[in-house]
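This report refers to the structure that appears directly beneath it.
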Amino acid sequence: MSLLVVNGLSTEIRGRAESNLVVSDISFQVERGETLALVGESGSGKSMTALSIARLLPPAARVSAGEIKLSGRDLMQISEREMRDFRGSKIAMIFQEPMNSLNPVLTIGDQIAECVRRHQSVTRLVARQQSIELLAAVGLPAPQRNIDEYPHQLSGGMRQRVMIAIALAAQPDLLIADEPTTALDVTIQAQVLDLLKDLQSQFNMGLLFITHDLAVVKQTADRIAVMHQGELVEHGTNEAFFASPKHAYSRALLEAIPTAQKRLQRDLEQDAKRVTEVTQLEGEAAVGPILSVRNLQVHFPIRGGVFRRAVDYVRAVDDVSFDLHAGKTLALVGESGCGKTTVGKAILQLLKSNQGSVLFQQHDLQSLNNEALRKTRRDLQIVFQDPYSSLNPRMLVGDILEEGMTALAVLKTAQDRKRKIKLLLDQVGLPADSVLRYPHEFSGGQRQRISIARALAVEPKLIVCDEPTSALDVSVQAQVLNLLIDLQAELGMSYLFITHDMAVVSYLADEVAVMHQGQIVEQGPTDQILLQPQHSYTQKLLAAVPSL
Amino acid sequence: MSAYIIRRMLYAIPILIGINLITFVLFFVVNSPDDMALMQLGSKHTTELQIEDWKRERGYHLPLLYNAEQSGFDALTETIFYQKSAKLFVFDFGSSDSGRDIGYDISQRMWPSLALAIPTLLVGLLVTITLALTIAFFRGTYIDYWAVIICVALISISSLFYIIGGQFLIGKLLKIVPISGFDTGLHALKFMILPVLIGIVGGIGSNTRWYRTIFLEEINKDYVRTARSKGLSEQLVLFKHVLRNALIPILTGVVVVLPLLFMGSLLTENFFGIPGLGSYTIDAINRQDFAIVRAMVFLGSVLYIIGLVLTDISYTLVDPRIRLS
Amino acid sequence: MSMQPTFLITDLLFFALTIGLIAFVFMVRKRPHLSRPWSQVLKSTTGSVSLMILLFYYAIALIDSMHFHPRVAQATESQYQYSSEVHSLLDVLMAPMRSRMEKTFSAPLATHSFSKEMMQGEEGQLQRDYPRLNYGGAHLTQPEEQKAADIISVSLQASAQALFYWALIWLFILWLYSQRNNQSLVTLLANVLRAKTTYPLRAIAMTSAILMLLTVVSMQLGQHYHLFGTDKVGQDVFYQAVKSVRTGILIGVLTTLITLPLAILLGALAGFFRGWVDDVIQYIYTTLNSIPHVLLIAAAVLLLQVYMSGHADDFDSLTERADLRLLFLCLILGITSWTGLCRLLRAETFKLREMEYIQAAEAFGVSKFKILMRHVMPNFMHIVIISVVLDFSGLVLAEAVLSYINIGVDPSMNSWGNMINQARLEMARDPIVWWSLSAAFVFMFTLVLFANLFADVVRDALDPRVVRGEQ
């Protein structure tokens, strides 16, 4: 008998007028000791499926049809009281955001012991002892101390380990992990994935692994189920899926993942287009780099004491130097908190640097006066990460695109600016009538196109791209990356591409600089860094990246 | 941590100075002591001499900031600012315009105020938190819907009507407890029941609605889902997880008003004839006794600032995220 | 000209505000992202019903703000003399209720006085009895027998009239509506009856029916009776309660109008520039906020009284003086209430400042002033609106409490607070004089309740972060 059998499950969200089917008629099963990956992009209904199984749907949603059998018992038929006995002991869950998923005012120990004591009649002391053992099992460095700590005292990876410890507290048969590593850095992700696999075989659990990341799936899953708009479009073993995906959506999903090979293909296709340009760019390269950063330091004060004087500094950027040549893309890679975004903002003079120089076209930006700096801003633009906070929701798209041109006096007449806006929208692949619409009418990918058009409006020579695709689904990410590459080929500007994603790096960067704790540990041509990393951190980073 | 609290305390000093200056400007510069004298004595048939006497009796005859007739240090101390405003810093309130010692009056009258305010606050807190938690338990149902409507209706009733209605209904119709008055010791109890009850009922609407919002905000957080996924019952989730988090904003919201309890409730004390600081203030306003009003403005501000500092301290005690950072 | 228009300061401010509101409505209609939440407000039954009732009150206040000096005598051919008294359009509409003074208390719809008086009987002997009222039910010869029937027949006639006009008006509105939406009138009517229209037309129609009935019936009955009785000096309580509407509304809206610019400006500056600007602004509002509000208001009003008693000659009339005091009260209420909004806006600006679109604007070198005007302020305006609507009801309630402790509006001004203040002294009478209190309660409660309900709907629509039970 299968551990979990889902048969014809449909889940709907009740709206004011009509109901919205978010999961429609899906069926799959999970065996003991097996990992089933439920894959899909945002809004595909994969999380709703997980919550339906645990009967933890938000009040507005409900299961409208189907049966969910756990070890033969239909979970839809049992009472809420019985279901509560099942949760924790039979089905356990891990969620995406470990910070939000733990109660901030209870100690780690309280939160684990609570689950232990709910499902076993043991004394407080025994429960505590068990909790310490669980913490040791999930690899916390000092379980005896950690047990009395609060969630905010631990790092993100540690918190997720605590979540896993809670999930294991009553030795469940089925573990549902809803994007358990999405919020984590890639090196931590690798550790957590390893831990999950270990514990799964140790406890012989069934694992329902929900994710959007196909690379992670390839490493962890035995079988794969792909969801798209609430439906299960493909279901098969790991090997079969990656060897020959059957459904068109699965194929599109796989093709959308950026890799070095795809880049070569693409380059070949565009060879003809590029040849002329490359020669031209090489000529410029001889003149010298368009941007050269030397010994850049950005320190943030830590204030303390009665009078809030700076008692220490966070060395967010500590002695960073690199060059970027015209028409090229330099990727600044690193995990969260390594200072890569700070570098980008310091270059744009949105942040004050403490030391070092930023030479842009032979001018030191830090020594320019306000007027000269304003002039330079024409050549230096930025595209941000969050498609939702990067556009003013109260402004028309036309006004957003026009703002930079007016502020920097790029085009004098309104007529010219209007024409330019039309051209820009065309360049980024948006309809011309977008001018009179508001940002909320566009999807995430479209908004990112608007952001790009906004930067392009002033015809910059260098664009700092700060994680422009990390908030997007993989298929949309591919479109935006291709757009950036095409624009570069067409307009010849340089990109400083800030990212944490190695796949993106390999797809579009000419050179790579790897950042760690405020410093660049290694830099060089993309192939060299990716294939023959010299620094130990780079090696660790690359080893942690799940590959297809 | 302690540095933070010390900083907050030091911050109170410039604020107190600011308040002192505001009251000084308001009471002695915007309106001169002459105006006050005229107001008290009546503007008709009042001679210069009478005004001069009135001012001298109350110490308002001195110059505002600098006394040119005196020499040395006295030039600064023999002024209205020093005698009337600066002395407030050491809680020397001076005497009222009718000649009574304000400091003594305050020390006598704060006890009835506290006797009224503390039970109102504590019982009220218990009642409203219980109600709000119950409503949160039934969230999304008709009970929730109607409870919110009733809360809004209760908020829409002027506090005057709570007092008038309560007094009329209980005191007059049912004749259970005396309508107004006060006594010492345990005898005061029968006089306190009605005002405390009215105080609680008057606060139910707004507080219950507010706490309900806090509870619902917490209930929608991810950690509640985690708690449910452990198999905990809805009651345990509410009491152990939600209540603990929600109590942080609720309790710290209460701490701000704690010191102000000394000041008493203006309306209730006045209506029920309770000799606390609230009715003291109202009487002073009605008699246009500027000295008392000035003293109460300063006292109230000091108590509020103490409340702010206490809030900061209580946050660091209650919330581990702040305590341990 | 039979009158000479005159404008009190509060009238002018109130008219300016009304024009501003109308301009705001037109502006919002043109911008879809602004009008969307408002159409959500109107689509909710609670929202549109509350808005209607608020508008009804607002209209009364507006009519009551059209002031003039009535003409008293003709001095020469072309020169008229005008009374120094100030009347409003509402006084004209309610003329019988304003002018028909009784001697003292009388119960609602009474024909006889509330207290006994010595008077001469039919045979000339002296006796203590309840005298007939001068005006209340004066047209009846046998009040005991005729009163009930008279009241019912007047009410029925008035109701029939009201409903007739109501039906006419609504048929016209629906006809217009059906023309615009290319619908047949019959289908539209059927939809309205089944409450199947986009906007809750059925609820709106029913609310307007109730308002119309209440207005017409009370005006008709008011011609012959004192609907809510009379007070100690014999004035019609219903008239007082209606006149108090203007005071309540003005306190609610002028206060925010006066102080809004201050809160918006300081809040935005503090949040945007931080550093010492923030320190100074925070210091100002923490200091002001530290002073207990009631005491600050009391101190300010006491000082105003001192000033006014010292400068009694500066005021042309009692009305003008009371008006100035009302304005001053709005000002001082505003000073005590802007700090909360300022703090909210400061916090919001702090958050907005980190938004990437503001950094993008900085990367274009857009000036700080333009960033504030274009990117910061439009994005916190919803908080301003929510807080204005939320504060309104609190201010109406505050007026009553302040008037009760004699630091509210001028005692000569009609206000619910003054009504309660005067009536509570009669609480001890037996049988109790309940009508002044009840009238003030009904009028105030209705306004505040619907203002609160409206505020809830507005907040839900404008603030996406709001927590709702059904989520």
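For the pair C:S153/B:E48, report the inter-label distance in nm, with labels modelled 7 Å from Cα in the Cβ direction. Spacing of the two 7 Å Cα→Cβ label points: 7.5 nm. Between C:V25 and C:V442, the contour length at 0.36 nm per residue exceeds the Cα-Cα span by 147.1 nm. Across peptide C:302-314, the mean count of Cβ atoms from other chains lying within 10 Å of each residue's own Cβ comes to 4. Taking 0.36 nm per residue of separation and subtracting the Cα-Cα distance, full extension of the segment from A:Q534 to A:Q265 would add 94.1 nm. Summed over all non-identical Cα pairs, the Kirkwood treatment of the range B:2-90 gives a radius of 15.0 Å. The spread of Cα positions in the range C:246-453, taken along each principal axis and listed from longest to shortest, comes to 75, 42, 30 Å.
Add -39500 (n - 2.57) for each DSSP H run of 4 or more in chain B, then divide by its residues: what number comes out at 222 nm, to the nearest 500 deg cm²/dmol? Using -39500 (n - 2.57) per qualifying helix, the result is -21000 deg cm²/dmol. When shorter helices are ignored and each DSSP H run of at least 4 residues is given -39500 (n - 2.57), the per-residue value for chain C at 222 nm works out to -23000 deg cm²/dmol. By the rule of a C-alpha distance below 16 Å, with chain neighbours fewer than 8 residues away ignored, the lysines paired with C:K116 are C:K103, C:K232.
Give me the tail of P(r) for the range A:3-95 as a percent: Cα-Cα pairs with distance above 21 Å.
More than 21 Å apart: 29 percent of the Cα pairs in the range A:3-95.
Across the range C:109-226, the relative contact order, built from alpha-carbon pairs under 8 Å that are at least six residues apart, equals 30 percent. Projected label points at C:S99 and A:D198, each 7 Å from Cα along the beta carbon direction, are separated by 9.8 nanometres.
Straight-line reach from A:K246: taking Cα to Cα under 30 Å and skipping same-chain neighbours fewer than 8 places apart, the lysines in range are A:K46, A:K69, A:K197, A:K218, A:K262.
Note on A:H363/B:V256: beta-carbon distance plugged into 1/(1 + (r/R0)^6) with R0 of 56 Å gives a FRET efficiency of 0.55. Label-to-label distance for C:V92 and C:I210 is 3.1 nm, based on points extended 7 Å past Cα in the beta-carbon direction. Given R0 = 22 Å, the distance between the Cβ atoms of A:E231 and A:M1 translates into a calculated FRET efficiency of 0.25. Peptides B:288-295, C:302-309 ranked from most to least packed by the mean count of surrounding Cβ atoms within 10 Å: B:288-295, C:302-309. Straightening the chain between A:S71 and A:K375 buys 102.5 nm, computed as 0.36 nm per residue apart minus the Cα-Cα spacing.
Geometric descriptor of the range A:80-141, per residue, is 116 Å³ (volume of the convex hull of the Cα atoms).
For chain C, complete DSSP H runs whose alpha carbons reach 20 Å or more along their own long axis and whose mean Kyte-Doolittle score is 0.0 or higher are C:9-30, C:45-63, C:143-180, C:201-224, C:237-273, C:275-290, C:293-310, C:318-353, C:377-404, C:435-462.
Put simply, the Cα atoms of the protein assembly as shown extend 123, 84, 80 Å along their principal axes, the longest span coming first.
Count the lysine pairs in the range B:107-323 that are 8 or more places apart or on different chains: how many have C-alpha atoms under 30 angstrom apart?
Going through the range B:107-323 pair by pair, I get 5.
Taking every DSSP beta bridge that has both ends in the protein assembly as shown, the antiparallel portion is near 65%. Straight-line reach from C:K30: taking Cα to Cα under 19 Å and skipping same-chain neighbours fewer than 8 places apart, the lysines in range are C:K43. The helix-based estimate of mean residue ellipticity at 222 nm for chain A, built from -39,500 (n - 2.57) per DSSP H run of four or more residues and divided by its residue count, is -12500 deg cm²/dmol to the nearest 500.
Each Cα pair of chain B feeds into the Kirkwood radius, which the Stokes-Einstein equation turns, at 37 °C and 0.692 mPa s, into a diffusion coefficient of 141 µm²/s. For the residues of A:101-110, the average number of beta carbons from a partner chain within 10 Å of their own beta carbon is 5. By the compact-protein rule of thumb, 2.2 N^0.38 Å, the alpha-carbon radius of gyration of the range C:109-226 corresponds to a ratio of 1.71.
Every number in this text was worked out from the coordinates using simple rules, so none of it is lab data. Keep in mind that what you see is a predicted model, and the values were worked out from it rather than measured. No Cβ is skipped: glycine too gets one built from the backbone with ideal geometry, and neighbour counts run over all protein chains shown.
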